[in-house]
Amino acid sequence: MATATRNATKYTFTVLVTAVVTYIITVSFTGQRLLVKRKISIDISTSGNFERQQNETSTKLDGHENQNILRQIEAVKSVCVHKEDPPTIPHSNSPVAQNVPIRGSVKRRVFTQRANRTPTQEILSRRRRVEKVCQTTWVRGEVHGVFTHRSGVIYCYVPKAGCTFWKRVFTAAGFGNGQDPFSISRNIVHSQFGKGENYSSAHNETAYPTRLLVVRDPFSRLLASYLDKVYLPDFWSFEAKEIQRGRRECSSDFLRKHFEQMASKFQRTGQSYSTCSERMCAKYLTFAEFVEGSFQRQEPHWTPIHQICNPCAFKATHIVHLESFSQDVKPILAKMEMGHILNGMDQNKQVELEMDTLINYHFERIKEIEVYMFYRSCITLRELAYRLWQTFQWKGYIDPEMTYIVPDDTLAESAIKNNLIAQVRRARESGLGKAELMVSARERFQAQVYQTLPKYLFENLMIKYKTDFQLFGYEDMRDSMYSFLYNSDLTQTYTNLNSNQTHT
């Protein structure tokens, strides 16, 4: 009897212990899941931040693709009941939104994963990803201009993905006299040497076994195209004018307010006027207007990368990410026996080089005969200097707390340029002491401009660049941006978008 009682007690105790342990494990697991979900939510909500088509075939391809995109826009518009809804986060000009980065934590996660792999493993990982997508997806596009080197390196160039750097490298290598690539001006390298060679069967894998493609996150590439080509005056005389001509309505957002202030400061008449009504120069296009027009205007600077350089046809062996450019380019430059050009070329030097290049390029561009009369009537050198300064601040290159001191309008051209260079250098030096502030300014600006897009327009960007996201590993960036803007999981939305794309 005593034994039976002890056994019953022992059994009851065992059951109770098991139940308690099970409860603890369940609670712990549930808590971890909630913690992970909360961390993901925090990561998302605080995460950071060709030239023209060279032959008729590519033009026809772009035109066909253009029509597909336009049909997709109309399809999504017709079913998107929230197309006019603002993002469900603080408005871009509210104090709270000023400190919200878009994709920083996502970038850190991506780079952490990369840090766990050797450079060779990273190269193989990117190549295998592309090969997998090419095996399962029909990737539509061609291979346009390429540059070659006697070492067996071939480079398929993509605008707004480090192409100025590589055009300089291949041009200097072609001279064979040890010329410093950075001594070749941007204007010369693009106008005289920028088209490279037409891709042909002679550029096969046997003749050129080292095959280079540089890629970039589509969202940052699109914004860079806007800043460098539309906010700055490079494309005003053609692409910007065409986009403005097709504009359906004038957007009103923080960039419009910025343009109104700029107009009152720099208009020769001294009279303020509506920048929405300006038609001759196309100098006041907002980012939202540019994005809307980019679907109607196929241009290599914002055409998806796979359409300019189809990696399934090109079979790149080295896929360089612009976000990790300095590390990724080393093996290519070593093979070309040009590794020395990176000596002393740290990130700071790269930024300074880009700023000098942009300043020199735009001041030289305005003096070109074919555009001189147009630009002389559209922009003063003082306004050009101001726009360059603003671009550098938005890119996070200079101290965002410093203000550009506009020089007197009686100064000569060279004096205005030299004055800008001096102020930029002081602002760069000041900004290096508060690097996080410069990064925050860049991420805040990217957050602000993407918040100005209607939801249907942003979703059509995801359709347009869908294959680039898949091929080159930028899906985390895409998902983070969407979640940040709309506080919504992308999975079901993207399924619906793909369904709409199929039916159109």
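Computed from backbone phi, the HN-Hα couplings of the range 139-145 come to 8, 8, x, 10, 10, 9, x Hz, rounded to whole numbers (Karplus: 6.51 cos²θ - 1.76 cosθ + 1.60, θ = phi - 60°; Gly and Pro given as x).
The accessible-area ordering, largest first, of the residues T164, T206 stands as T206, T164, per a 1.4 angstrom probe. Find out how many positive minus negative residues lie around L437, taking Lys and Arg as positive, Asp and Glu as negative, among other residues whose Cβ is under 12 Å from that of L437. Net charge around L437: -1. Each other residue within a Cβ distance under 10 Å of I319 adds +1 if Lys or Arg and -1 if Asp or Glu, for a net charge of +2. Under the simplified labelling scheme, the S430-E131 pair shows an inter-label distance of 5.3 nm, with each label point 7 Å from Cα along Cα→Cβ. Listed by chain and number, the aspartates and glutamates whose alpha-carbon sits under 14 Å from that of K330, ignoring those within fewer than 8 places in the same chain, are E122, D346. Computed from backbone phi, the HN-Hα couplings of the range 273-280 come to 8, 6, 5, 5, 8, 5, 10, 6 Hz, rounded to whole numbers (Karplus: 6.51 cos²θ - 1.76 cosθ + 1.60, θ = phi - 60°; Gly and Pro given as x).
Per-residue 3J(HN,Hα) values for the range 157-174, derived from phi via the Karplus relation 6.51 cos²θ - 1.76 cosθ + 1.60 with θ = phi - 60°, read 8, 10, x, 6, 9, x, 6, 4, 4, 6, 5, 5, 4, 5, 5, 5, 5, x Hz in sequence order (x marks Gly and Pro). Multiplying each eigenvalue of the alpha-carbon gyration tensor of the range 188-280 by 5 and taking the square root yields semi-axes of 40, 15, 13 Å, largest first, rounded to whole angstroms.
The values are calculated or read from the model by the stated rules, or taken from the named source; none is laboratory data. Computed from a predicted model, the values in this text were never measured in an experiment. Counting neighbours? That spans all protein chains shown, and the Cβs are built from the backbone with ideal geometry, glycine included. Ligands, DNA and RNA are stripped out before the accessible areas are found, and what is left, the full protein with its side chains, is counted by its heavy atoms. Shrake-Rupley method; radii C 1.70, N 1.55, O 1.52, S 1.80 Å.
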